[in-house]
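K.L.:
Take this structure first; my questions come after.
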Amino acid sequence: MKDRILHYRCEGLCDAAGLNHAQAALLLQTTRQGLEILALGSPAEVARHPAASTRPPETLHHEVIIPGLVNAHTHLDLTHMGPLPYSREGGFVGWVDRIRSQRATEPAEIIASVNEGIRLSLAGGVIAVGDIAGIRQLEPLHALRESPLIGVSYLEVFGMGARQADAVSTLRKTCSTTSSNENGVCLGLQPHAPYSAGLDVFAAAIELREQYGTPLCTHLAETSEERSFVADAAGPIRAMLERLGVWDDRILAQVGQGRHPLHHLSSTLNAGGWLAAHVNDLPEDGLDTLARSGASIVYCPRCSTYFDHAGTFGPHRYRDMIDAGINVALGTDSIINLPDADRISTFDEMQLLHRRDGVPPARLMRMATVNGARALGLPEIAFTLQVGHVVAGLAAVRITEPGPESPLEAIMKPGTSIRMLQPEPSP
Ligand SMILES: [Zn+2]
């Protein structure tokens, strides 16, 4: 591909590193590595760059340019299911049963579903994902590597008690036979959760990270059902494992010892490099435990609302986590828990937290860009706008009416819309 010059004039430019410039211009060059920023600032300043004269500026009316966003937790292979209502009577286990029975299982169907998820992510200005690939599936990894998205495809494994050995051998075999990083997409590993993967599986994932540098993720402290299972080996999850024929008494060597899920995994997390999704249920010393471990947390606000986790555990502690020095990113989780199917984007999570909790736009921009990058092991400078940076992507937010607000404040107002600016969406 030949390098191209891109030149934009826009309503504003903003990012997580303090850029918040109204009436701005941006000059870039497309390279094999990405989009290199040649100049930014006022239109007059940018026009002085020698490359600016080779390309007249394209004016983006009422649009603010921001870095492409990160969605640190999603399940693109479930996109074909679309949004589904949550039934309180069936509870979390009823919901899991429904996903199990409806999810695509044929490779071609899985790829089609992931491709639709990729399209909906790009439509929402998302350029990087932490995608949970589904159980022992590599199709999502390959689909992502064929797409403009970058990030991590986490291979998911289940296995407790006697079934741990098989899960461990799947992880080892996959790492030794699959390229770890190609076209900006890393192979990652995801022991599914403390109620579905045993501690030996988590330990093997840590070993493989040391050997191959593989990013690691898990679902943690998500539901009250998880807490009863890990602490007491009881409740609806125990009943589900028995019903599915995957319960064996060896599981009792690791769960049922009165521990909170976070304490159950604390030495695992202390090995470093973990990304934990959700963490709705935080024990009293939880902030210290998490901060010491260096784990990143991905909070999925619309998912927590869908399951009413705040009704069970109280409001999510993401702000306390950030104040305790924990890296907190944003995720959407799957399309199933989103209210509509137009896009799968953390832009909507930013807007929700701004509207509901009054979170300052600058903090939200960090959560949806650089914090997400750190959580996925991507370079943070690919998500901030500075001369010399090679950025992963650019999104444009159309604001309602230009007013006295800064660009960063304007994009958080109701009624805005977002699109991917670069890479250009395919027709
Ligand atoms: Zn998930």
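A quick yes/no check of all residues on (1) in a loop (DSSP other than H, G, I, E, B); (2) more than 16 Å from the ligand (Cβ to nearest atom); (3) crowded, with 24+ Cβ neighbours inside 10 Å; (4) not aromatic (Phe, Trp, Tyr):
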position: Leu241; (1), (2), (3), (4): no, yes, no, yes
position: Arg250; (1), (2), (3), (4): no, yes, no, yes
position: Glu284; (1), (2), (3), (4): yes, yes, no, yes
position: Thr289; (1), (2), (3), (4): no, yes, no, yes
position: Val298; (1), (2), (3), (4): no, no, yes, yes
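K.L.:
Ala221 - would you say it is within 25 Å of Arg88 (Cα to Cα), more than 16 Å from the ligand (Cβ to nearest atom) and small (Gly, Ala, Ser)? I'd like the intermediate steps shown before the answer.
P.N.:
Numbers: within 25 Å of Arg88 (Cα to Cα): yes; more than 16 Å from the ligand (Cβ to nearest atom): no; small (Gly, Ala, Ser): yes.
Here the answer is no, as Ala221 does not meet what is asked.
K.L.:
Go through (1) away from the ligand (no atom under 16 Å from the Cβ); (2) among the aromatic types (Phe, Trp, Tyr); (3) surrounded by fewer than 23 Cβ atoms within 10 Å (Cβ to Cβ) and name the single condition Phe307 misses.
P.N.:
All conditions pass for Phe307, except number (1).
K.L.:
Go through region 17-57 and give me each residue that's part of a strand (DSSP E or B), closer than 24 Å to Glu405 by Cβ and not small (Gly, Ala, Ser).
P.N.:
If the condition is that a residue be part of a strand (DSSP E or B), closer than 24 Å to Glu405 by Cβ and not small (Gly, Ala, Ser), then Asn20, His21, Gln23, Leu26, Leu40 are the ones that fit.
K.L.:
Given the conditions (1) within 16 Å of the ligand (Cβ to nearest atom); (2) more than 30 Å from Gln386 (Cβ to Cβ); (3) within 19 Å of the chain's Cα centre (by Cα), and given that Leu84 satisfies all but one, which numbered condition is not satisfied?
P.N.:
(3)
K.L.:
When residues of region 188-204 are filtered for being within 14 Å of Lys173 (Cα to Cα) and away from the ligand (no atom under 16 Å from the Cβ), how many remain?
P.N.:
Looking only at region 188-204, we keep the residues that are within 14 Å of Lys173 (Cα to Cα), and these are 188-189, 201, 204.
Restricting the remaining residues to those that are away from the ligand (no atom under 16 Å from the Cβ) gives 201, 204.
Number satisfying all stated conditions: 2.
K.L.:
Determine which member of the set Ile65, Ile99 is touching a residue at least 60 places away in the same chain (Cβ under 8 Å) and surrounded by fewer than 20 Cβ atoms within 10 Å (Cβ to Cβ). Walk me through it before giving the result.
P.N.:
Numbers: Ile65 fails: surrounded by fewer than 20 Cβ atoms within 10 Å (Cβ to Cβ).
Going through Ile65, Ile99 in turn, just one is touching a residue at least 60 places away in the same chain (Cβ under 8 Å) and surrounded by fewer than 20 Cβ atoms within 10 Å (Cβ to Cβ): Ile99.
K.L.:
Got a number for residues in region 252-282 being more than 16 Å from the ligand (Cβ to nearest atom), touching a strand residue (DSSP E or B) at 6+ places or on another chain (Cβ under 8 Å) and part of a helix (DSSP H, G or I)?
P.N.:
3
K.L.:
Would you check which residues across region 299-345 are of a type in the set (Val, Ile, Thr) and within 16 Å of Leu76 (Cα to Cα) and list them? First the steps, then the outcome.
P.N.:
So in region 299-345, the residues of a type in the set (Val, Ile, Thr) come out as 305, 312, 322, 326, 328, 332, 335-336, 344.
The answer is Thr332, Ile335, Ile336, Ile344.
K.L.:
From the residues in region 64-81 that are under 22 Å from Thr105 (Cα atoms) and within 16 Å of the ligand (Cβ to nearest atom), which one is farthest from the chain's Cα centre (by Cα)? First the steps, then the outcome.
P.N.:
Looking only at region 64-81, we keep the residues that are under 22 Å from Thr105 (Cα atoms), and these are 73-81.
Going one step further and asking which of them are within 16 Å of the ligand (Cβ to nearest atom), we end up with 73-79, 81.
Working: His73: 3, Thr74: 6, His75: 9, Leu76: 11, Asp77: 14, Leu78: 15, Thr79: 15, Met81: 19 Å.
Top of the filtered list is Met81.
K.L.:
Check off (1) under 25 Å from Ser296 (Cβ atoms); (2) at pLDDT below 95 for Gln190 and give me the number that stays unchecked.
P.N.:
(2)
K.L.:
Mind checking whether some residue in region 357-376 is of a type in the set (A, V, I, L, M), in the same structural domain as Arg100 (by TED's automatic domain parsing) and closer than 19 Å to Ala123 by Cα?
P.N.:
No - not one qualifying residue is present in region 357-376.
K.L.:
Which one of Arg302, Arg366, Arg356, Arg319 is under 14 Å from the mean Cα position of the chain (by Cα), away from the ligand (no atom under 16 Å from the Cβ), assigned to a helix (DSSP H, G or I) and at pLDDT 95 or above? Explain how you work it out, then say what you get.
P.N.:
Working: Arg302 fails: away from the ligand (no atom under 16 Å from the Cβ); Arg356 fails: under 14 Å from the mean Cα position of the chain (by Cα); Arg319 fails: under 14 Å from the mean Cα position of the chain (by Cα).
Step by step, each of Arg302, Arg366, Arg356, Arg319 is checked, and only Arg366 is under 14 Å from the mean Cα position of the chain (by Cα), away from the ligand (no atom under 16 Å from the Cβ), assigned to a helix (DSSP H, G or I) and at pLDDT 95 or above.
K.L.:
Next question, about the same structure. Can Asp232 be described as acidic (Asp, Glu), surrounded by fewer than 19 Cβ atoms within 10 Å (Cβ to Cβ), under 25 Å from Ile326 (Cβ atoms) and modelled with pLDDT of 95 or more? Steps first, please.
P.N.:
Working: acidic (Asp, Glu): yes; surrounded by fewer than 19 Cβ atoms within 10 Å (Cβ to Cβ): yes; under 25 Å from Ile326 (Cβ atoms): no; modelled with pLDDT of 95 or more: yes.
It is false that Asp232 is acidic (Asp, Glu), surrounded by fewer than 19 Cβ atoms within 10 Å (Cβ to Cβ), under 25 Å from Ile326 (Cβ atoms) and modelled with pLDDT of 95 or more.
K.L.:
Within region 322-342, can you find the residues that are aliphatic (A, V, I, L, M) and either outside any loop (DSSP other than H, G, I, E, B) or more than 13 Å from the ligand (Cβ to nearest atom) (or both)? Before you say what the answer is, go through the steps one by one.
P.N.:
In the first step, residues of region 322-342 are kept if they are aliphatic (A, V, I, L, M); the result is 322, 324, 326, 328-330, 335-336, 338, 341.
If the condition is that a residue be aliphatic (A, V, I, L, M) and either outside any loop (DSSP other than H, G, I, E, B) or more than 13 Å from the ligand (Cβ to nearest atom) (or both), then Ile322, Ala324, Ile326, Val328, Ala329, Leu330, Ile335, Ile336, Ala341 are the ones that fit.
The values are calculated or read from the model by the stated rules, or taken from the named source; none is laboratory data. What you see is a predicted model; the values in this text were computed from it and never measured. Backbone-built Cβ (ideal geometry, glycine too); neighbour counts: all protein chains shown.
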